Amino acid sequence: MNVLLTGTAGEIGKQVVSWFSKYYTDYRLVELNDLSDIDVLNNLFDAQNFDSVIHFASTPGQNTQGTANLLQVANNKWCSHQDAHRFLLISSDLFEAELILREYHDNKGMNLLVSSCEDTFASSDFPFVFASVAQQYISNNNTVPVYTKGQEVPEWFWVEEKACAVDILFHQAEAGKTYNIGGMNAWKRSDLEYSPIVQPLQHSYSTANAR
């Protein structure tokens with residue numbers, strides 16, 4: 001499978017590239033972060049014959065024209081056999097993503113799904129996240145301070161867990177729907193087996209089991 005990954009300069013994008021390279025060695029992965037030139041995109045699609053696209057538009061309003069260029073080119077190249085291809089859009093702007101979904105899936109038949117995701121932390125965030133602080137205390141044989149009853153709701157996910165969730169969305173999720181990668185905040189920490197959740201908005205949810 002030939003997969004174009006765009007917007008991979010951020011932590012999640014980098015981790016997804018690493019994840020797919022590790023677990024899908026038969027895939028041909030191509031990264032592109034400058035989507036401003038529609039002619040370049042057309043030529044790239046012709047040369048690489050992409051089967052699928054994973055696009056990270058992580059910041060609201062970021063690279064809006066680039067996203068539009070990418071969708072236009074993919075739709076034009078795949079128009080005669082949309083079902084044989086897949087476009088996964090990861091965006092923090094669900095309003096914009098919903099509009100894109102309505103236009104390209106509902107009106108044009110593209111095999112498209114969109115997802116948002118909650119905050120992610122990576123090594124560069126240490127020691128901001130509590131888990132890393134606790135690790136430092138343990139490694140120094142010190143007592144780990146806990147200031148609550150342990151019922152706090154998890155809001156942050158390790159970046160590799162997000163990559164696992166993107167994997168599941170890309171390969172298993174139903175097109176034409178909007179998803180959220182998150183912790184289902186109605187649950188307390190004690191009720192969770194710590195793993196990423198892929199939650200279709202206004203649809204039933206399923207746990208994304210890590211490999």
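The values are calculated or read from the model by the stated rules, or taken from the named source; none is laboratory data. In this text, all values refer to a predicted model and were calculated from it rather than measured experimentally. Here the Cβ positions follow ideal geometry from the backbone for every residue, glycine too, while neighbour counts run over all protein chains shown. Quick note on the areas: whole protein, heavy atoms, side chains included, nothing else; ligands and nucleic acids left out. Shrake-Rupley method; radii C 1.70, N 1.55, O 1.52, S 1.80 Å.
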- line: Of the residues in segment 56-94, those that are within 22 Å of N180 (Cα to Cα), outside any helix (DSSP H, G or I) and either of a type in the set (A, V, I, L, M, F, W, C) or modelled with pLDDT of 95 or more (or both) number 8
- request: Out of the residues in segment 6-40 that are among the aliphatic types (A, V, I, L, M), modelled with pLDDT of 90 or more and under 19 Å from R86 (Cβ atoms), state the one that is surrounded by the most Cβ atoms within 10 Å (Cβ to Cβ).
  value: V16
message: Taking the condition of being open to solvent by 50 Å² or more (accessible area, probe 1.4 Å) and within 22 Å of A163 (Cβ to Cβ), how many residues in segment 72-107 meet it?
response: 2
query: So which residues in segment 140-169 are modelled with pLDDT under 80, over 30 Å from I90 (Cα atoms) and open to solvent by 30 Å² or more (accessible area, probe 1.4 Å)?
result: T143, V144, P145, V146, Y147, T148, K149
